[in-house]
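Derivation of every value follows stated rules applied to the coordinates shown; laboratory data play no part. Given the structure is predicted, the values throughout are model-derived calculations rather than measurements. Cβ placement follows ideal geometry from the backbone for every residue including glycine, while neighbour counts extend to all protein chains displayed.
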Amino acid sequence: MTRTSRRWAAGAIVAPMAATSARVLGTVVLVSGSAEYLSERVVEQARTAIRDDDPAADVTEVDAASLDVGTFVELTSPSLFADSRGVVIRGIDALPEPMHDPLIAYAASPSDEVALVVMHPGGQRGRSLLDRLREAGAREVKVEAPKPWQLGGWVGAEARRLGSPLDDAAADALIAAVGGDLRTLAGALEQLVADNPGRRIDAERVRGAFEGRAEVKTFDIADRAIAGDAAGALELLRWALSQRVPLPLVTSAFALSLRRLVKLAFAPSGLKDADLAREVGCSPYQLKRLRTQARGWTSEGWADAVSAVADADAAVKGAGADGGHALESMVLAVVAAGHTQGAARIG
């Protein structure tokens, strides 16, 4: 059979990552890391690449814990029913010890007709086997989930891969709208790109697509309260209550916003923006807004605001009779805390 020279750009599917490409048959690919969604995308891309090389290829998945030498030899030999085959071994952290040497020996000299993908879920278990696989020549694709301060960059890279770039403000708006789950973010991006083919996506377009999402409104409430806009925060809070937004979402948004601001206020001086974002737990773009919000607050104000949010959180989770009243009191307390006088000012 004459095959196409299918190239597998592993980096493109696990953005952001330096793109590397190679024919998938005749290789051993090590997928390592705890980001389940990203690892599944790598496996799916490998499966597609195998069948592009040979549409009749047999692709088999096995759990490492149940693997023995006989089964492994059978799996990595050409199929009776196809010229090539793919094998996915999941959970090699649980691979039996007698299987380590056969796997390493195969990785050092893989069959030209077989594509082998081995998956490690992250953690310390099986780390020595990973090192041996790397030394034997396995091509590694790392799939660790981006940290909070890297998430905006991941969204931007994913949007570029889909063909519709978006700016930093749009990336942050999308994260605020749908949360930090990679699977959810990727699905939301696919929807945005399908609705705006080839267009640059800005924050306004994102907000228009996801207007009304509970998560967006709760962070808007927190932003307005922290900025001292009592009327605006209460108006949005009453909208949220009328829409039956889960009350813990509101206190959660306040807690996260205040936590980031406190970290920013007390972060070591002299840090570069990238390092400061890592310290605070946000994207570099979000630092601009956080710096503005942090101005004028005091240590006493932070303490009062955090205490008010903790009290409201307990109330909406059962300690109080009227969750809505507790949230209104929290909003007013946070607004007042931002105007605390007498302590040394921060920011």
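For region 102-248, what class follows from the C-alpha gyration tensor (a ≥ b ≥ c being the square roots of its eigenvalues): rounded when a/c is under 1.5, otherwise prolate if a/b is larger than b/c, else oblate? The shape class here is prolate. A full extension of the chain between D101 and S299 corresponds to an added length of 65.4 nm, given 0.36 nm per residue minus the alpha carbon distance.
Between R160 and R259, the modelled labels are 3.0 nm apart [label points 7 Å from Cα along Cα→Cβ]. Taken along the Cα-to-beta-carbon direction at a fixed 7 Å, the label points for K317 and D273 span 3.6 nm.
If we count other beta carbons within 10 Å of each Cβ, what is the order of L130, L247, fewest first? Don't jump to the answer; show the numbers that get you there.
Values: L130 17, L247 20.
Lowest count first: L130, L247.
An ellipsoid equivalent to the chain, defined through the eigenvalues of its Cα gyration tensor, has semi-axes of 49, 22, 19 Å when rounded to whole angstrom and sorted largest first.
From the helices alone, meaning DSSP H stretches of at least four residues, give me the mean residue ellipticity at 222 nm for the chain, per-run term -39500 (n - 2.57), in deg cm²/dmol to the nearest 500.
Numbers: 16 runs with 188 residues, N = 347.
Here the helix-only value at 222 nm equals -16500 deg cm²/dmol.
Once you divide the Cα radius of gyration of region 214-346 by 2.2 N^0.38 Å, the number left is 1.04.
The value obtained for region 145-217, namely the Cα convex hull volume divided by the number of residues, is 74 Å³ per residue. Once you sort the root eigenvalues of the Cα gyration tensor of region 8-142 as a ≥ b ≥ c, which label holds: rounded (a/c under 1.5), prolate (a/b larger than b/c) or oblate (the other case)? It is oblate, given that a/c is not under 1.5 and a/b is not larger than b/c. When the listed pairs K272/K317; K263/K317; K147/K217; K147/K288; K142/K272 are checked against a 28 Å cut-off, the alpha-carbon distance exceeds it for K272/K317.
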